[in-house]
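S.K.: I have a structure I would like to understand better, so I am pasting it below and will then ask my questions one at a time.
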Amino acid sequence: MSELRGARREVLARGELAGATVRAALSDSADRFLAALLGGESGSEPDVALVAVGGYGRRELTPGSDLDVLLVHRDRRDVAALAERVWYPLWDSGVPLDHAVRTVAETAAVAAGDLRAALGLLDARHVAGDRALTEELRRRLLTEWRASAPRRLPDLVAAVRARWDRADELAFLVEPDLKEARGGLRDMGVLRALAAAWLAPGPGAPVRAAAARLLDVRTALHRITARGSDRLVHQEQSAVAAAVGLADADALLAEVAGAGRTIAYAVDVAFRQALRAVEPRGAGRRRASRRPLAAGVVAHDGEIVLARDAAPATDPVLVLRAAAAAAQAGLAFAPHTLTRLRAESPPLPEPWPEEARDALVTLLGAGPALVPVVEALDQAGLWEPVVPEWHTVRNRPQRSPVHRFTVDRHLVEAAAQAGLLARRVDRPDLLLLAALLHDLGKGAAGGDHAAAGAALTERVGRRLGLPPGDRATLVALIRHHLLLPHTATGRDLDDPATVRLVAAAVGDRTTLDLLYALTESDARATGPAAWTDWRAALVAELVRRTAERLAGAPPPPRPALDAEQQALVARGVADALVDPHRVTVVAPDRRGLLAASAGVLALHRLEVRSADAFPLAGQAVAVFRVAARFGGPPDPTLLAADLRRALAGASTLGERLAARDRACRPPPGLPPPAVFVLDDASESATVVEVRAHDAPGLLHRIAGALAGCGACVRAARVATLGAEVVDAFYVTDGRGAKLDPRASERVRRAVLAALDPGTATYGGEGGQREPASRSEAL
């Protein structure tokens, strides 16, 4: 019998039918055929029903789909004969069939023992026969699923993740499996199942639209190939693109990637909500608390939410501040938080305020924790306002076999890799920004993407409010981001002209170090074939030779004091000048002075964004650029009074700081802090360089560790760049001489210990200290 096959051919021959209309027509033709086999849809056969399940149950039949059909009965003795009456014509038609004959109880037992079957049966739909029997089946399956889903949720999560491991991620495959890959159509069943169990909300409109787009692509693929394969192979992509109204194969892959990412993100959110919903309450789970993370941002029940007094409509930096807090804490946004931010947040002013740049760099510096936060922002429509040029590279495929990701995801992964290398450079902020922007030129039409990206970066740098020198460095990094690997693998390193070429392009050691770290970040984010041991060794040798040629650059000049600061120094007494964003401390030089000042700032919840300490006119001067961690700035009168007491040695800093929270930890996956003790970097002092992730009270602890070792800080240059600190301390012994090797090692170990708030001890001005505010790092 070929009636069904003929009906399917007739549907597919109708060129005006496409997408959902084709799927509905195929389902309707199958319904009519099956109803006729059983004796009519009205139910002429009592106590038996034909039930469609899976994709057929959802009326999503594609040209290559199987017919998933269940013959349900109430203990009819002639059920075998009934089944033959239905199945034989189906087999003769040549249409792929997945069938079973069961009672309601038997079907429920199968669902209880087979998770995949349980999910497919939730889509059960009456086709023909006894409608009441189908409704009985549906009620029982749904009731038992709701009762068992909390217990079966861990198995569901494990099964889904195992499938993802096998099929990879739909968005980043050049020949994706539309059904099985992460973000594919199989995941829509997971979302519906969680919603049916009341463990998570059902798929929203964007997720349903993404699934519909994937179904359209799958329908076109089956129609063109006349096969049921769900892998979108390269040779079929152009034809499928034309069938769904897209310009070319790259546009098709971009659409598929966007849909896959939308579905994958929805599954991540649904799993998080479901797992939290089934987590035992009471003694096994602590009561949810609200922990402040940044101004207007708190952690609540394991998610990022807005503080009660947050005002997104008047706080354009709140989105970036919340994102930075989420990445640094390793937490996900609560869905309603993203919804509110999208609805209420105004655009950032141009040029950006300094707080916005710091928040962006803090976000980028979180290492691997950056990736899910940016994905959440992108899905919520909050990332493109940060980088308006992003739309040119969003979901843009890269068909090179070495590339693992789409262009936009590659940029985010490169920034995450750069966060792991931030300790290698003097300007981690510029490294992170360069990693995020380096391939932005691939969205431009034709030409050299590095040159196009450099032009875009100049525009981005102006929008961010970067000073001209930083913009120039950033543009140079983008323009030359392929210079080191191409030169190292394509030129003779023994030819002096090779090193001269690279040195002329980079200009100085700082830019060379940044370009080296950017090269590695770019390669590691590309894929394993892009950063082999051989390539890494060649690039390292080129950098070493170029560094030798660039050696000898002078240190940056110390910033000048303004008239008010000079007057403070001229008074010749221990005192402090407190402005909203700057604190200047002047006092007779003594050991522990820097630690005491930093400790007071920490107690007042001030973050030190940069600091300079130096001798002047027989006194010690320390200038701190500060920002309030939460809310408004502290009372300047109280802060000045506390500073004077600390300078006079009357403060009980150790007792007051010891009660503060020591639980702050950097995001997982970041490299350990680095401490270098350099004897040849200064003619008169030993230089202690510290590169670490920012943390509460870090400056206070470092300075206290130096004082506790008997080291005198003669000068210091401190910078907190996003979430990374880059500090240099010029220290001497008690006689004013450089440290000897034993003292240098003692200092190095003490500072390393002070960088870990879990091991540091806190005492008076001369001891190691506890963490206080989030960014002190001198």
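S.K.: Any idea which residue in segment 655-686 is modelled with the lowest pLDDT, counting only those that are crowded, with 19+ Cβ neighbours inside 10 Å and either of a type in the set (S, T, Y) or not in a loop (DSSP other than H, G, I, E, B) (or both)?
M.R.: Looking at the filtered set, the residue picked out is L657.
S.K.: Could you grab me the full set of residues in segment 90-109 that are in a helix (DSSP H, G or I), under 24 Å from L61 (Cβ atoms), open to solvent by 20 Å² or more (accessible area, probe 1.4 Å) and of a type outside the set (F, W, Y)? So that I can check it myself, show each step before the final result.
M.R.: Looking only at segment 90-109, we keep the residues that are in a helix (DSSP H, G or I), and these are 90-93, 104-109.
Imposing the further condition that a residue be under 24 Å from L61 (Cβ atoms) reduces the set to 90-93, 107.
If we keep only those that are open to solvent by 20 Å² or more (accessible area, probe 1.4 Å) too, we end up with 91-92.
The answer is D92, and nothing else.
S.K.: Please give the number of the condition T637 fails out of (1) open to solvent by 20 Å² or more (accessible area, probe 1.4 Å); (2) modelled with pLDDT under 85.
M.R.: (2)
A quick yes/no check of all residues on (1) under 27 Å from A247 (Cβ atoms); (2) free of Cβ contacts under 8 Å to residues at least 12 places away in the same chain:
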position: G381; (1), (2): yes, no
position: N395; (1), (2): yes, no
position: S400; (1), (2): yes, yes
position: F405; (1), (2): yes, no
position: A414; (1), (2): no, no
position: Q417; (1), (2): no, no
position: A435; (1), (2): no, no
position: L440; (1), (2): yes, no
position: A445; (1), (2): yes, yes
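S.K.: Give me the residue from segment 346-358 that is in contact with a helix residue (DSSP H, G or I) (Cβ under 7 Å, 6 or more places away or on another chain) and part of a loop (DSSP other than H, G, I, E, B) and, out of that set, most open to solvent (accessible area, probe 1.4 Å). Talk me through it step by step, then tell me what you get.
M.R.: Filtering segment 346-358 for residues in contact with a helix residue (DSSP H, G or I) (Cβ under 7 Å, 6 or more places away or on another chain) gives 346, 348, 350-352, 356-357.
Narrowing further to those that are part of a loop (DSSP other than H, G, I, E, B): 346, 348, 350-352.
Working: P346: 41, L348: 34, E350: 133, P351: 81, W352: 13 Å².
Per the stated criteria, the residue is E350.
So that you can scan it fast, the table gives a plain yes or no per residue for (1) free of Cβ contacts under 8 Å to residues at least 12 places away in the same chain; (2) under 17 Å from P89 (Cα atoms); (3) in contact with a Cys (Cβ under 8 Å, 6 or more places away or on another chain); (4) assigned to a loop (DSSP other than H, G, I, E, B):
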position	(1), (2), (3), (4)
A18	no, no, no, yes
R23	no, no, no, no
S29	no, yes, no, no
L34	no, yes, no, no
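S.K.: Still on this model: Name the one entry in E16, E3 that is among the charged types (D, E, K, R), open to solvent by 10 Å² or more (accessible area, probe 1.4 Å) and in contact with a Phe, Trp or Tyr (Cβ under 7 Å, 6 or more places away or on another chain). Give the derivation first.
M.R.: Values: E16 fails: in contact with a Phe, Trp or Tyr (Cβ under 7 Å, 6 or more places away or on another chain).
Among E16, E3, only E3 is among the charged types (D, E, K, R), open to solvent by 10 Å² or more (accessible area, probe 1.4 Å) and in contact with a Phe, Trp or Tyr (Cβ under 7 Å, 6 or more places away or on another chain).
S.K.: Still on this structure, I have one more. Answer yes or no: is there a residue in segment 589-601 that is at pLDDT 85 or above, open to solvent by 30 Å² or more (accessible area, probe 1.4 Å) and not aliphatic (A, V, I, L, M). Quick ask: steps written out before the conclusion?
M.R.: Here is the first cut: in segment 589-601, the ones at pLDDT 85 or above are 594-601.
Pick out the ones that are also open to solvent by 30 Å² or more (accessible area, probe 1.4 Å) and you get none.
No, that holds for no residue.
S.K.: I've got another one for you. Run down V425, V402, V361, V373 and say which single residue is more than 23 Å from R691 (Cα to Cα) and surrounded by 22 or more Cβ atoms within 10 Å (Cβ to Cβ).
M.R.: On the way: V425 fails: more than 23 Å from R691 (Cα to Cα); V402 fails: surrounded by 22 or more Cβ atoms within 10 Å (Cβ to Cβ); V361 fails: more than 23 Å from R691 (Cα to Cα).
It is V373.
S.K.: Within segment 281-294, is even one residue surrounded by 15 or more Cβ atoms within 10 Å (Cβ to Cβ), more than 30 Å from L17 (Cα to Cα), at pLDDT below 95 and touching a helix residue (DSSP H, G or I) at 6+ places or on another chain (Cβ under 7 Å)?
M.R.: There is at least one residue in segment 281-294 that is surrounded by 15 or more Cβ atoms within 10 Å (Cβ to Cβ), more than 30 Å from L17 (Cα to Cα), at pLDDT below 95 and touching a helix residue (DSSP H, G or I) at 6+ places or on another chain (Cβ under 7 Å).
S.K.: Select from segment 165-174 the residues that are without any contact (Cβ under 8 Å) to a residue 24 or more places away in the chain and open to solvent by 30 Å² or more (accessible area, probe 1.4 Å) and write down the one among them that is nearest to V407 (Cα to Cα). Let's see the steps before the verdict.
M.R.: Quick first cut of segment 165-174, residues without any contact (Cβ under 8 Å) to a residue 24 or more places away in the chain only: 165-168, 173.
Pick out the ones that are also open to solvent by 30 Å² or more (accessible area, probe 1.4 Å) and you get 165-166, 168, 173.
Details: D165: 22, R166: 23, D168: 18, L173: 12 Å.
Out of the qualifying residues, it is L173.
S.K.: Which of the residues belonging to segment 617-636 are in contact with a strand residue (DSSP E or B) (Cβ under 8 Å, 6 or more places away or on another chain) and more than 30 Å from V297 (Cα to Cα)?
M.R.: Going through segment 617-636, the residues in contact with a strand residue (DSSP E or B) (Cβ under 8 Å, 6 or more places away or on another chain) turn out to be 619-630, 633-634, 636.
Of everything in segment 617-636, those that are in contact with a strand residue (DSSP E or B) (Cβ under 8 Å, 6 or more places away or on another chain) and more than 30 Å from V297 (Cα to Cα) turn out to be Q619, A620, V621, A622.
S.K.: Any chance you could count how many residues in segment 191-228 are without any contact (Cβ under 8 Å) to a residue 24 or more places away in the chain, outside any helix (DSSP H, G or I) and of a type in the set (A, V, I, L, M)?
M.R.: Going through segment 191-228 one residue at a time, the tally reaches 0.
S.K.: OK, next. Could you tell me which residue of segment 206-222 is surrounded by the fewest Cβ atoms within 10 Å (Cβ to Cβ), considering only residues that are charged (D, E, K, R) and under 15 Å from L170 (Cα atoms)?
M.R.: Narrowing segment 206-222 to residues charged (D, E, K, R): 208, 213, 216, 218.
With the extra rule that they be under 15 Å from L170 (Cα atoms), the set shrinks to 213, 218.
Values: R213: 18, R218: 26.
Once the filter is applied, the top-ranked residue is R213.
S.K.: So, A343, is that one outside any strand (DSSP E or B), surrounded by fewer than 21 Cβ atoms within 10 Å (Cβ to Cβ), modelled with pLDDT of 95 or more and among the small types (G, A, S) or not? Quick ask: steps written out before the conclusion?
M.R.: Details: outside any strand (DSSP E or B): yes; surrounded by fewer than 21 Cβ atoms within 10 Å (Cβ to Cβ): yes; modelled with pLDDT of 95 or more: yes; among the small types (G, A, S): yes.
Yes; evaluated as a whole, the condition is true for this residue.
S.K.: Answer yes or no: is there a residue in segment 722-730 that is open to solvent by 60 Å² or more (accessible area, probe 1.4 Å), of a type outside the set (S, T, N, Q), assigned to a loop (DSSP other than H, G, I, E, B) and modelled with pLDDT of 90 or more.
M.R.: Going residue by residue through segment 722-730, those that are open to solvent by 60 Å² or more (accessible area, probe 1.4 Å) are 730.
This time we only want the ones that are of a type outside the set (S, T, N, Q), so: 730.
Next, from what is left, pick out any that are assigned to a loop (DSSP other than H, G, I, E, B): none.
Checked segment 722-730: no residue is open to solvent by 60 Å² or more (accessible area, probe 1.4 Å), of a type outside the set (S, T, N, Q), assigned to a loop (DSSP other than H, G, I, E, B) and modelled with pLDDT of 90 or more.
S.K.: From the list A80, A111, A49, which residue is within 24 Å of M188 (Cα to Cα) and of a type in the set (A, V, I, L, M, F, W, C)? Steps first, answer last, please.
M.R.: Values: A80 fails: within 24 Å of M188 (Cα to Cα); A49 fails: within 24 Å of M188 (Cα to Cα).
One residue alone meets the criteria, A111.
S.K.: Starting from residues that are in a loop (DSSP other than H, G, I, E, B) and among the charged types (D, E, K, R), keep the ones in segment 49-68 and report whichever is modelled with the lowest pLDDT.
M.R.: Checking each candidate, the answer is D66.
S.K.: Output yes when any residue across segment 250-261 is open to solvent by 50 Å² or more (accessible area, probe 1.4 Å) and either within 24 Å of S65 (Cα to Cα) or of a type in the set (A, V, I, L, M) (or both), and no when none is. Quick ask: steps written out before the conclusion?
M.R.: Taking segment 250-261 first, the residues open to solvent by 50 Å² or more (accessible area, probe 1.4 Å) are 250, 255.
If we keep only those that are either within 24 Å of S65 (Cα to Cα) or of a type in the set (A, V, I, L, M) (or both) too, we end up with 255.
Scanning segment 250-261 turns up at least one residue that is open to solvent by 50 Å² or more (accessible area, probe 1.4 Å) and either within 24 Å of S65 (Cα to Cα) or of a type in the set (A, V, I, L, M) (or both).
S.K.: Yes or no: R227 open to solvent by 30 Å² or more (accessible area, probe 1.4 Å) and in contact with a Leu (Cβ under 9 Å, 6 or more places away or on another chain)? Let's see the steps before the verdict.
M.R.: Values: open to solvent by 30 Å² or more (accessible area, probe 1.4 Å): yes; in contact with a Leu (Cβ under 9 Å, 6 or more places away or on another chain): yes.
Yes: the conditions hold for R227.
S.K.: Would it be correct to say that V157 is open to solvent by less than 40 Å² (accessible area, probe 1.4 Å), among the hydrophobic types (A, V, I, L, M, F, W, C) and within 33 Å of the chain's Cα centre (by Cα)? Walk me through it before giving the result.
M.R.: On the way: open to solvent by less than 40 Å² (accessible area, probe 1.4 Å): yes; among the hydrophobic types (A, V, I, L, M, F, W, C): yes; within 33 Å of the chain's Cα centre (by Cα): yes.
Answer is yes for this residue.
The values are calculated or read from the model by the stated rules, or taken from the named source; none is laboratory data. Keep in mind that this is a model prediction, so the values were computed, not measured. Using ideal geometry, Cβ is built from the backbone for each residue, glycine included, and neighbour counts are taken over all protein chains shown. Quick note on the areas: whole protein, heavy atoms, side chains included, nothing else; ligands and nucleic acids left out. Shrake-Rupley method; radii C 1.70, N 1.55, O 1.52, S 1.80 Å.
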